[in-house]
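Trainee: Below is a structure I'd like to ask you about.
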Amino acid sequence: MKIEAYKPTDENAVLELWKRCGLVALQNNPRADIERKLAVAPELFLIGTVDSEIVATAMAGYEGHRGWINYLAVSPDLQRSGYGRQIMEHAESLLRERGCPKINLQVRSTNRQVIEFYQRLGFSFDDVLSMGKRLVIDETFDP
């Protein structure tokens with residue numbers, strides 16, 4: 001798999017992949033998420049391609065204290081092929097280069113398969129409660 005930074009021409013293929021992976025939710029407008037990411041460290045928005053087809057994504061972030069991973073996706077028919085591990089290792093390398101000491105991520109508690117994937121990569125549970133406050137609500141998005 002070839003890993004490179006996202007380009008605006010990748011948008012439709014990325015959105016389709018995210019839909020197939022169940023990452024698109026009513027409360028998150030993925031187009032707006034992409035726009036926001038392109039304004040802040042766009043080089044940390046990664047796509048993985050096989051034969052010119054986008055088969056994986058990872059949106060990494062680092063604000064100087066902790067790194068984050070969002071929108072990790074691997075095409076459902078290619079999961080368990082090593083592509084998820086490969087794009088995560090690439091994202092970790094980019095974050096490490098920036099001095100990032102730790103990566104946080106959020107997974108739905110019911111998503112056992114993804115939790116087990118992250119555990120195989122060395123992630124563990126932190127004794128914290130994730131909280132959020134929505135500052136922007138985009139009611140025009142329809143997945």
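Values quoted throughout were computed directly from the atomic coordinates according to the rules given, and no laboratory measurement underlies them. As the structure is a computational prediction, the values presented were derived from the model and not from experiment. Ideal geometry is used to build each Cβ from the backbone, glycine not excepted, and the neighbour counts take in all protein chains shown.
Trainee: At a Cα cut-off below 23 Å, give the lysines reachable from Lys7, other chains included and same-chain residues fewer than 8 away excluded.
Mentor: Result set, ordered by chain and number: Lys19, Lys37.
Trainee: Between Asp126 and Glu11, 0.36 nm times their residue separation minus their Cα-Cα distance comes to what?
Mentor: 38.1 nm
Trainee: Calculate the dipole size of region 2-120 relative to its Cα centre from +1 charges on Lys and Arg beta carbons and -1 charges on Asp and Glu beta carbons; express the result in debye to the nearest 20.
Mentor: Here the size comes out at about 460 debye.
Trainee: Let me ask something else. Which listed residue (Ala32, Ser75, Gly99) has the Cα farthest towards the positive end of the charge dipole for the chain, taking +1 on Lys and Arg C-beta and -1 on Asp and Glu C-beta about the Cα centre?
Mentor: Gly99
Trainee: Tell me, what ³J(HN,Hα) does each residue in region 111-125 have, in order and in whole Hz, if you take phi through Karplus 6.51 cos²θ - 1.76 cosθ + 1.60 with θ = phi - 60° and put x for Gly and Pro?
Mentor: Once θ is set to phi - 60°, the couplings for region 111-125 become 8, 4, 4, 6, 4, 5, 4, 5, 5, 5, 8, x, 6, 9, 6 Hz.
Trainee: Which of rounded, prolate or oblate describes region 2-120 when judged by the alpha-carbon gyration tensor and an a/c cut-off of 1.5?
Mentor: Rounded shape, in that the Cα axes give a/c under 1.5.
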